[in-house]
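The values are calculated or read from the model by the stated rules, or taken from the named source; none is laboratory data. This structure is a prediction, so every number in the text was calculated from the model and none was measured. Ideal geometry is used to build each Cβ from the backbone, glycine not excepted, and the neighbour counts take in all protein chains shown.
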Amino acid sequence: MELPSKLLENAVNEIAQLPGIGKRTALRLALHLLRQPLEQTHLLTSSLDKMRNEINYCQECYNISDATICLICSNTKRDKTTVCVVEDVRDVMAVEATGFFKGVYHVLGGKINPIEGIGPSQLNIKPLIEKVKTGNISEIIFALSSTMEGDTTNFYIFKQLKEFNITTSTIARGIGIGDELEYTDEVTLGRSLLHRIPFEQSIKQV
């Protein structure tokens with residue numbers, strides 16, 4: 001569509017790059033911003049700038065954080081011996097929303113996917129192994145989505161951990177095969193955590 005302003009067109013093109021936003025929706029959002037007080041737009045752009053430039057990744061679990069150590073890892077009431085391994089920060093939020101898990105997390109930053117050129121070295125797998133080497137971890141819970149890439153990543157990490165005397169478990173398959181963790185309802189996800197099974201048992205079921 002031809003727009004009456006190049007400035008508006010540039011804004012629409014940038015907004016349309018956001019996931020799930022098409023050109024028409026981007027245009028509606030841009031026009032909405034034009035109708036708002038200038039201060040409101042400045043607050044939005046300032047918030048985005050500060051988020052992009054100042055946000056940190058926790059040095060212990062790689063979750064997003066305002067400080068070098070996130071609120072979960074710095075919470076003395078959390079069980080630091082139980083680590084839930086997830087793909088990204090959205091999965092941390094999904095598990096936290098259940099209220100069932102009282103341990104800590106380790107965010108991998110993705111899944112092994114050779115087709116997209118993502119190997120173990122591109123993920124936060126080595127730091128996880130180093131954590132286990134300290135001897136302070138008693139259980140690793142695999143909570144990646146039940147996809148081929150998720151299962152491949154789980155199995156790769158499992159092989160790296162076999163030499164250590166720790167429990168490895170995976171969330172129960174109340175979550176459908178192929179489902180992404182962030183879209184699973186809180187009750188199902190919470191029950192899957194409570195009824196987790198030994199990882200070796202899950203391999204035999206496949």
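Filter the range 61-71 down to residues that are closer than 19 Å to residue 108 by Cβ and either surrounded by fewer than 18 Cβ atoms within 10 Å (Cβ to Cβ) or touching a Cys at 6+ places or on another chain (Cβ under 7 Å) (or both), then give me how many there are.
Total satisfying the criteria: 6.
Can you run down the residue pairs with Cβ atoms below 6 Å, 6 or more apart or on separate chains, where the first is in the range 24-45 and in a helix (DSSP H, G or I) and surrounded by 13 or more Cβ atoms within 10 Å (Cβ to Cβ) and the partner is polar (S, T, N, Q) and at pLDDT below 95?
Between residues of the range 24-45 that are in a helix (DSSP H, G or I) and surrounded by 13 or more Cβ atoms within 10 Å (Cβ to Cβ) and residues that are polar (S, T, N, Q) and at pLDDT below 95, the close pairs are 33/41.
Given the structure, is residue 129 farther than 16 Å from residue 88 by Cα, of a type in the set (Val, Ile, Thr), exposed (fewer than 15 other Cβ atoms within 10 Å of the Cβ) and in contact with a helix residue (DSSP H, G or I) (Cβ under 6 Å, 6 or more places away or on another chain)?
So residue 129 fits the description; yes.
With in contact with a Ser or Thr (Cβ under 9 Å, 6 or more places away or on another chain), basic (Lys, Arg) and modelled with pLDDT of 90 or more as the only criterion, which of 131, 111 stands out?
111
Can you name the residue in the range 143-160 that is of a type in the set (A, V, I, L, M, F, W, C) and farther than 20 Å from residue 95 by Cβ and, of all such residues, is modelled with the lowest pLDDT?
Let us first name the residues in the range 143-160 that are of a type in the set (A, V, I, L, M, F, W, C), namely 143-144, 148, 155, 157-158.
Checking which are farther than 20 Å from residue 95 by Cβ leaves us with 148, 155.
On the way: 148: 85, 155: 91.
Once the filter is applied, the top-ranked residue is 148.
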